[in-house]
Amino acid sequence: MELIFEKSRPGRRAGTVPSYGLTAPDVPAELRRAHPPRLPEISEPELVRHFTALADRNFGVDTGFYPLGSCTMKHNPRANERAVGIPGFRDLHPHQEEDGAQGALELMWRLQEILAEVAGLPAVSLQPAAGSQGELTGLMLMRAYFADRGEDRDTIVTPDTAHGTNPASVTMAGYKLVKVGTDARGNLDLDDLRAKVDGRTAGLMLTNPSTLGLFDEGIEEVARIFKGAGALMYYDGANLNAVCGLSRPGDMGFDIVHINLHKTFSQPHGGGGPGGGPVAVRDMLEPFLPSPQVVRDGDRFRLDSDRPKSIGKVRGFAGPFGVFVRSYAYIRRYGPGLKEMSEAAVLNANYLLAKLRDAYDVPYDRHCMHEFVLSARNIKRDHGVSALDVAKRLMDFGIHPPTVYFPLVVPEALMIEPTETETKERLDEFVAAMLQIAREAAESPELLHDAPHVRPVVRLDEVKAAKRAIVKYGFEQHPDLAAEMAGTF
Amino acid sequence: MAFLSLTDADRAEMLAAIGVGSIDELFEQIPRGVRLGRELDLEPALSEAELMRHLEELAARNVHTGAELSFLGAGIYDHYVPAVVDAILSRGEFLTAYTPYQPEMSQGVLQSIFEYQTAICELTGMDVSNASGYDGTTVAADACFIAKHTTERTKVVLAEALNPQVRRVVKTYAPGFGLDVVEVPHRGGTTDPGEWRTACADAAIAIFQQPNFFGCLEPAPELAAAAESVGALAVAHVDLLSLGVLEAPGAYGCAMAIGEGQSAGTFMSYGGPNFGFLAARDEFIRRMPGRIVGETTDLKGERAFCLTLQTREQHIRREKATSNITTNQTLLALAGLVYLSWLGPQGLRELGETCMALGDYTKARLGAQLAFPDKATFKEIAIRTGRNAGEVIAAARERGVHPGYALGRDYEGLDDVLLVAVTERRTPTEIDRLAEVLAEVTG
Amino acid sequence: MAAPESYPEGLKYHAEHDWARVDGDEAVLGITWFAQDALGELVHYEAPAVGATIAKDAPYGEVESVKAVSDVIAPLSGEVLEVNQKAVDAPEVVNDDPYGGGWLVRIRLSDPSELDALLDVDAYKALLAEE
């Protein structure tokens, strides 16, 4: 399929710009653009066809089952898209005076109240733009808190099952990382933990349930260990979908929580964003929250920038407002019924686990929560078929693969999260596909090694992509990789 | 319950397959002491119709650009968003897809990101662009992180004429990176190259804005040369929509170009979501944070696209990552690509010319009151009102006009100055109305 | 094509999967078969500058595959005399021939007594058996 630049023809255009009969002043010579940018010159019909063709080559939750572990690929309600298009939201300038933005400020304040109730922690900032930014914000809050108390702490503890953003956030915040092991039940290894937590520990970063889909049965003891050391506990909200209305991170002992609005609360993933990563914190951390904060004064709402202890600002304005509209709208469809949402998510995952546990290796012999991890190590050992092969073959069944090779503690891992919006028939279809793939591993493994067979492209040469690093269209000088390849077949 | 489908029959079958009598058994792994044990204290569920009524009521209390003639800018702009953007973004295959980790399922998103990367490089004159950052503030922090590692210096220089929110975000990130920040004051609305050069000694990075926060055109080539001459990375924070008439940062010696992409095809939406862009010279490719899409072939020799240099990202390199960014702003970057393709090079140039022409028209109508009279501008003009700007705004709004941003909120000595933005959506008649209203309220 | 597994006699080994071939007061350094196998096909080698000082047990460069980026750890301290340009231009040579054409740097040793801390081939193989 051609790039849009390859469809460009001189003189074509889609849009027009008014001139109002005015003449533009000259740009000072030393600042003037010398050569026009080579943006596409294309008509509107072809523009629409180009992006329609691209959409046809892509798979979303709207297309089919998408069981990526820890991503919570649930249905994205269309009412939310209508909501963000309401002119009073869509066309509101963020510098509008507060008396002209009361509806927006009230929506944000209400969302804060809801997230506080779900998290079990009273103070909320909506500012962070994504979960990983929420993590960084949380770590900055820890820094500020301990600096304010005159305590010198420099380490953060994470489990070896941690999502990759956790260690990266730790580094960006200027902390050192200490890893703790997972025991045979899939819980934090408490002996290892006790050995590694001391007066230098600033805090823990944990998601609960973990990336193994297991609720940490020792969480109360974990909390005692950290409180005993005067450290804080940070909750990575990636797996919150499992516990809404059932258990709250604040009640588990966590002091800071980030929530992924694009996971638990239905902001569409958009191919890689936008998202939202608000944080909820215990009262003693409230003064350090980013500025401005949305506050209520009687029946008025305003942005409070008078925050002398705030860590500062992590994103423009008060956060990604359009994301708040969608998540708020989503939560208002459930109310206290968020509990039913989580129960259905957990039921769906356990059903799949029950149906797949014989054909695949199950590393932890427990009920899971909203997601679970299988290992393909048995079929790798017996038939040379890897988790990657399983993932690629699933595509031929019209199913998006689960997460593979994560968490790192499970070899040939397949991390599966169905979410609550899948019907039983969809789940049964997935089971049938996975069981067939297990049979194919024994009977015709080459079918799996060469998979997928029915997608617009088959397996890619990712080594060449990294070596050649062709990251933009080179126009006349663009290398012709296909022609280079032709000689090698 | 909304969006759920499990019937009693489904539940019974599934519980039987799992081998438990009730859903509660699945939650036994949660220790009693941390179970909520009560209903969530939230308002009852609304139907879709009730929900929309509630949201419309909230929205009705926001004074949006349909309800008020607004000259607000200051980083977020009221440009026309063509309908093709709405149409393409509403395709479920783009809207509801995840990050394209499985390239065979995601060639649509991957190719569109590759095209976006190309467009950003073309506009900025750079060799590599990432797939987007959170917004125009955080990409400045990203640039500082790159500079810290490549220069091994610890000083960041920011122009005071750089957007105040961008500066605040950089200062928030700096302590964790081990960086110190210094600011170079503006002089009559722009940055003095001599002062700038002095400040750049031992700096890792020096960031200026073009056009700057006041709408004035900075001596950008001189600022870039001054920084680079003392070993600091020169970074320009730019407006994509100015790059049809203003020179590309890569053409005048910058190491990187960053900015806020909202003006290219995203509605203002009270500040987000939008996207930040980050583009750099080739030598920084392995230090770029976030996602990058590269070109390759599949086993059949077909051209194909995939995420590349992923080892640099959070999920493999973990504690040594170039950044922790995962979810970025792909959908809005797609909006940017669609918008820029809709405009084309001709349209982009015309847009820049119209904005500058309207700016000149505004200066002519409000000529006596320019705060920085001798400076060339792009689409914003700083106007002295002679009266506290906050009061001017309140009085003007009573007449149905929002006259612009009060610069005194961020800058000393500018308490009576308004930053007036004129995009291609403002007409000469509307500017006449602004002049009329300002004359009334400033006496 | 990647080479078959081997750990030559006559080389000294470091626990971080690096080898050294000592020749008088100079040494040639590289990564072992185990390291290149774990990484997969290399796509990039970030080499130190000629003249740079490298320190035992500290990273002196990076090698990158599609799966991971890894620091290359110096088994010995010294001054970089030469960088293998072939490994920079076509890093897959490290996979094909990790001990020969896939060498990474040649250094002048600053402290030959550091050799005592390195492992011989049997000790290194024993370490691998534990992994």
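All of the numbers you see were taken from the coordinates with simple rules; none came from a lab. For clarity, every value in this text was computed on a predicted model and none was experimentally measured. Every residue, glycine among them, receives a Cβ derived from its backbone with ideal geometry; neighbour counts consider all protein chains shown.
How big is the Rg/Rh ratio for chain A, C-alpha atoms only, Rh by Kirkwood, two decimals? Don't jump to the answer; show the numbers that get you there.
Working: Rg = 25.4 Å, Rh = 25.2 Å.
Value, to two decimals: 1.00.
Counting pairs of alpha carbon atoms under 8 Å apart in space and at least six apart in sequence, what relative contact order in percent does segment B:115-204 give? Show your work: numbers first, answer last.
Working: 96 pairs, mean separation 26.7, N = 90.
Over segment B:115-204, the number comes to 30 percent.
For segment B:1-97, which trypsin sites (Lys or Arg not before Pro) are in a loop by DSSP, counting at most 13 other Cβ atoms within 10 Å?
Details: sites: B:11, B:32, B:35, B:38, B:53, B:61, B:91; in loops: B:38, B:61, B:91.
Taking segment B:1-97 and a limit of 13 other Cβ atoms within 10 Å, the loop trypsin sites (Lys or Arg not before Pro) found are B:38.
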Problem - GluC sites (Glu not before Pro) lying in DSSP loop within segment B:348-443, provided at most 14 other Cβ fall within 10 Å - result: B:412
Problem - Percentage relative contact order, chain A, counting C-alpha pairs under 8 Å, at least six apart - result: 18
Exercise for the section: Obtain the nm distance between the two label points defined at residue A:436 and residue A:9 by a simple spin-label model: each point lies 7 Å from its Cα along the Cα-to-C-beta direction. Expected result: 4.4
Completion exercise
Scalar couplings 3J(HN,Hα) for segment A:352-362 by Karplus 6.51 cos²θ - 1.76 cosθ + 1.60 (θ = phi - 60°), nearest whole Hz, x for Gly and Pro, are 4, 4, 4, 7, 10, 5, 7, 7, 10, 7, 10
Exercise for the section: Give, in nm to one decimal, the length gained when the segment between residue C:16 and residue C:96 is fully stretched (0.36 nm per residue of separation minus the Cα-Cα distance). Expected result: 26.8 nm
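What FRET efficiency would be calculated for the residue pair residue B:154, residue A:196, taking the C-beta separation as r and a Förster radius of 30 Å, to the nearest 0.05? It would help to have the intermediate numbers written out before the result.
Numbers: r = 30 Å, r/R0 = 1.01.
Plugging the Cβ-Cβ distance into 1/(1 + (r/R0)^6) gives 0.50.
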Handout entry: Low-density loop cleavage sites - trypsin sites (Lys or Arg not before Pro) in segment A:293-325, where at most 16 other Cβ are within 10 Å (DSSP)
Key = A:309
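From Cα pairs below 8 angstrom and at least 6 apart in sequence, can you work out the relative contact order of chain C, rounded to a whole percent? Provide the component values of the computation, followed by the final result.
Details: 292 pairs, mean separation 40.1, N = 131.
Averaging sequence separation for qualifying contacts and normalising by length gives 31 percent for chain C.
As an exercise, use a Förster radius of 41 Å and the Cβ-Cβ distance of residue A:227 and residue A:296 to find the FRET efficiency, rounded to the nearest 0.05.
Details: r = 31 Å, r/R0 = 0.76.
Here the calculated transfer efficiency is 0.85.
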Exercise for the section: Diagonalise the Cα gyration tensor of segment A:340-449 and give the resulting equivalent ellipsoid semi-axes, square root of 5 times each eigenvalue, largest first, whole Å. Expected result: 23, 15, 11
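Given the Cα-Cα distance of residue A:184 and residue A:26 and 0.36 nm per residue of separation, how much length would full extension add, in nm? Kindly include the intermediate steps, with their values, before the conclusion.
Working: separation 158, 0.36 × 158 = 56.88 nm, distance 7.21 nm.
Once the chain is fully extended between residue A:184 and residue A:26, it gains 49.7 nm.
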Exercise for the section: Calculate the spin-label point distance for residue A:446 paired with residue B:83, positioning each point 7 Å from the Cα along the beta-carbon direction, and give it in nanometres. Expected result: 5.4
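Give me the inter-chain shielding for B:242-250: mean count of other chain Cβ atoms within 10 Å, whole number please. All intermediate terms of the calculation are to be shown ahead of the outcome.
Numbers: counts 3, 4, 5, 7, 5, 7, 4, 0, 0.
Neighbouring Cβ atoms belonging to other protein chains average 4 per residue here.
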Practice task
Quote to one decimal, in nm, the extra length available between residue A:113 and residue A:304 on full extension: 0.36 nm per residue of separation minus the C-alpha distance between them.
Solution key: 67.1 nm
Fill in the blank from the handout: In nm, the gap between the two label points placed 7 Å beyond Cα toward Cβ at residue C:128 and residue C:49 is 3.6
Handout entry: Rounded FRET efficiency, nearest 0.05, which uses the C-beta distance separating residue B:39 from residue C:68 and R0 of 41 Å
Key = 0.30
Completion exercise
Residues meeting the amide H criterion for residue C:61 (H placed from the backbone, H to H distance under 5 Å, 5 or more places apart or on another chain) are C:72
Fill in the blank from the handout: Rounded to the nearest whole number, the Stokes-Einstein translational diffusion coefficient of the protein assembly as shown at 25 °C and 0.890 mPa s (Kirkwood radius, C-alpha pairs) in µm²/s is 82
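Using only atoms on other chains, find how many Cβ atoms lie within 10 Å of each Cβ of peptide A:401-408 and report the average. Intermediate values should be presented prior to the final figure.
Values: counts 4, 1, 3, 2, 3, 1, 0, 1.
Other-chain Cβ atoms within 10 Å of each residue's Cβ, averaged: 2.
Hey, got the average number of other protein chain Cβ atoms within 10 angstrom for residues in B:130-137? Walk me through the numbers before you get to the answer.
Numbers: counts 1, 4, 3, 2, 13, 7, 2, 6.
Average neighbour count from other chains, rounded to a whole number: 5.
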